[in-house]
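Throughout, read-outs are computed from the coordinates displayed, never taken from laboratory work. Bear in mind that the values here come from a model prediction, so they are computed numbers and not experimental data. So basically every Cβ, Gly included, is an ideal-geometry build from the backbone, and we count neighbours across all protein chains shown.
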Amino acid sequence: MVLTSTFTPRNFREQSEKACHDATLRAVLDHATRYFMGKRGVALEAFADRDTHFARARAARLTALSRLPDLLEQLEQRATAAGTKVHWAHDAAQAREIVAGIARGCGAKVVVKGKSMVTEEIALNPALEADGIEVWETDLGEFIVQLAEEPPSHIIAPCIHKSRADVAALFREKLGLAGLSGQEDLEDSASIPELTLLARRALREKFLAADLGVTGVNIAVAETGSVILVENEGNIRMSTTCPPVHVAIMSLEKVAASLEDAADILRVLPRSATGQKMSSYVSVLTGPRRSGELDGARETHLVILDNGRSEILADAVLREALLCFRCGACLNSCPVYQTIGGHAYGSVYSGPIGTLLSSLLLPAKDTRDLPFGCTLCGACKKTCPLGIDHPKLMLRLRERVCAGSPGLASAAHTFLALHPLAYRLVMGAARAVDPHLNLLPRLPGLPSGLASFVDSRQPPELKKPFTAQLRNARKKRGGA
Amino acid sequence: MRIKLMIPCLVEDCLPEIGLAVVSVLERLGCGVGHPKGQTCCGQMAFKTGDAAGARAQALRSLDVFAGPEPVVCPSGSCAKMLRTYPQLFEPGTPDHARALALAGRVVEFCEFVLTLPGAPDFGARLTARAALHRSCQLDGSDAPQRLLAAVHGLTLLEPERPERCCGFGGLFSLQFPAVSESLVEDKARELLALNPDILVSAEPSCLMNISGYLSRSGSPVRTLHAAQLLDLALNGALTGGVSWS
């Protein structure tokens, strides 16, 4: 993964500490995540037999993972039979090369893209642009972050970190647009419909000029060789139908065995993501335009990307992360994400599921801090419609980072915990010397954050231990 | 009924008054309270920092310390949860795994345990006050504290806007990500204080330490109590353990 900004998971701690001091960002995130959670809550409240539907969606995802090699082979066969050219990409570089090759093959000068996290994962845009191709994001949120030269900060809401005024200022600067009247400059108070209309005008031109459309995949159906795309704006459908060539890129776990399994997933995905019974558009695409048909791409490609996922599948605990269908609800429910936003994580996927995926997909040395940026409160697990146990996986990742060699403070603590006498001696000595723990922040070997913790929170006081107090009280009572 | 008391390390050395209130309440409600010797840490710290071997060693100690048939009652959701996690640390089929399973089945969080006692939940406790309840994510959604405290006569039990939201402590998290942790406790304190309470109550000592530490730094006069302390006060009209109630 390559980012268009300077954020990196290596600096996760510094980035998150900085992000939570940004009062505007926090206010925008607070508003947006509450909005999503509110809509979701209402939709799930009205969802009859919710738990049954959740279980069916989980079953569909479990089926996919447990039969993955067979299903992918079947998918290739059926998609090929329907006229789609199927490509296998072992890693990001190979996937970029495949798409760049297709673009060269059709002489593409303009590419339109539907919202896709996997193309962020493989850093497709810079690769195409290096070939002199003009690449346009057509999802409104993606379009906004593209203009801002930022990566998306949320799986399903790429510009969740931007306020309406931010967007108005951005459009004014980058699109050179006047307000709808054409008279005055676009004002910061421009309404959302007005801003949307301006973006639509700009993007219509691109759809008509595009030689190639690139999208992700929400579900690929093995039984029929179809690609299913879920969206609300219609831009993904246009990206697959306006240009003569369509490339869909999927990470390999996105397969479903049958249309029935896909339906089980679709019953839950929009409800959990945006609180909708169904998204405004659901496109089921099976091969290119057939003779006699009026629309659809003339040439269709499907790129199946591994990029480290086969290795995750081999881990009995961590493979659960691959159940995820990217509804984004765990991000909205996570108190840490609500506070720092997506960019602080420094990788394409953020929040609880992003922490898991990034830790698994990126080099271990770059992601050491990620699984520790979590209070293990379990809000994600409670929210996940697929029953992913994020905290359990987070602990498993911490175990991998620790790799059997705990830090000095941790090892000392374990030693004392195993030797009650020594433990009592140390606590007694600490109480005698420094009962109010004033010296604590200066002790060597302890995390550097101790000083800031103590700054904002009165540390506890060391008191006469419970055991001694209980003994005394009981002695007194026995004697009385 | 005889029980064994599991006292979190934080309570042992920093908040002993919570332990004394637990003993007072349990004895008042007719329990014989044993306090096994040699308790240190449940291993949660090692477990949550990824040190599985350290956690396993500490778990083995706890298996010895808490051996026996009695229920093990713990005034902390997170420590109780750690004890219930022990089976994960041992190979299924081994004797230690079997012992861990047996212990896990005997561990009960304080409020849940009190709710199983005869006469529950109305023990005739009485306290006229407005209490804001912090549920604590560490209790895994248990509503035992609500049910227990709702039965206290005269008590107005209030819940903040986002009752289950984390207070931002998270153990080591609060030291590795101190500013994020502070932002979260700031949110929590704001939502709790908006209820205009006399008392802030929770069944989780670590959350209490975090929130009360923040409140005291920001000069708030709101008193923080563990659910056991509130119950002790409401049953006995005074707090056990030399702590004054004004």
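Side notes on the structure shown:
- Peptide B:162-172 shows a mean partner chain C-beta count of 5 within 10 Å per residue C-beta.
- Cα-centre dipole for segment A:408-479 with unit charges at Cβ (Lys and Arg positive, Asp and Glu negative), debye to 20: 660 debye
- Residue-averaged [θ]222 nm for chain B, counting only DSSP H segments that reach four residues, each worth -39500 (n - 2.57): -13000 deg cm²/dmol
- Length-normalised contact order of chain A in % [C-alpha pairs under 8 Å, at least 6 apart]: 21 percent
- Pair residue A:471, residue B:101: separation of 7 Å Cα→Cβ label points (nm): 3.8 nm
- In Hz, Karplus ³J(HN,Hα) per residue of segment A:264-280 (6.51, -1.76, 1.60; θ = phi - 60°; x = Gly, Pro): 4, 6, 5, 5, 9, 3, x, 4, 6, 7, 10, x, 9, 4, 8, 5, 4
- For segment B:60-70, 3J(HN,Hα) per residue [Karplus equation, 6.51 cos²θ - 1.76 cosθ + 1.60, θ = phi - 60°, Hz, x = Gly/Pro]: 4, 4, 4, 4, 6, 4, 9, 4, x, x, 6
- Cα-centred dipole magnitude for chain A, charges only on beta-carbon of K, R (+1) and D, E (-1), debye, nearest 20: 2700 debye
- Anisotropy class of the protein assembly as shown from Cα gyration tensor, a/c 1.5 cut: prolate
- MRE, 222 nm, helices only [DSSP H, n ≥ 4, -39500 (n - 2.57), over chain A, to nearest 500]: -15000 deg cm²/dmol
- Farthest towards the positive end of the charge dipole of the protein assembly as shown, among the residues A:427, B:57, A:308, is the Cα of A:427, using unit charges on the Cβ of Lys, Arg, Asp and Glu.
- Per DSSP, loop GluC sites (Glu not before Pro) in segment A:55-164 with at most 13 further Cβ within 10 Å: A:149
- 3J(HN,Hα) couplings calculated from phi for segment A:164-173 with the Karplus curve 6.51 cos²θ - 1.76 cosθ + 1.60 (θ = phi - 60°) are, in sequence order, 4, 5, 4, 5, 4, 5, 5, 4, 4, 6 Hz; Gly and Pro show x.
- In a reduced charge model with +1 at each Lys and Arg Cβ and -1 at each Asp and Glu Cβ, segment A:116-244 shows a dipole moment near 360 debye about its Cα centre.
- Segment A:87-147 and segment A:252-312 have their alpha-carbon centroids 18 Å apart.
- For residue B:223, the residues whose amide H sits under 5 Å from its own are B:200, ignoring neighbours fewer than 5 places away on the same chain, with H placed 1.01 Å from N.
- Considering only beta bridges that DSSP places wholly inside segment A:103-261, some 25 percent are antiparallel.
- Of all the options B:71, B:178, B:197, the one that moves most in a Gaussian network model of chain B with Cα springs shorter than 10 angstrom is B:178.
- Using alpha-carbon coordinates, inclination of helix A:466-479 to the longest axis of chain A, degrees: 40 degrees
- Summary value for segment A:101-242: 31 percent relative contact order, contacts being C-alpha pairs under 8 angstrom separated by 6+ residues.
- By the Cβ rule of 4.7 Å, chain A holds the following cysteines without a possible disulfide partner: A:20, A:106, A:159, A:242, A:324, A:327, A:334, A:374, A:384, A:402.
- Extending 7 Å from the Cα toward the beta-carbon at both residue A:81 and residue A:191 defines two label points whose distance is 5.2 nm.
- Cα shape, segment A:408-479, gyration tensor, a/c 1.5 rule: oblate
- In this structure, the amide hydrogen of residue A:226, modeled 1.01 Å from its nitrogen in the peptide plane, lies closer than 5 angstrom to those of A:221, counting only residues at least 5 positions away or on a different chain.
- For residue B:35, nonlocal amide neighbours, meaning residues 5 or more places apart or on other chains whose placed amide H falls under 5 Å from its own, are B:5.
- Across chain B, the relative contact order, built from alpha-carbon pairs under 8 Å that are at least six residues apart, equals 20 percent.
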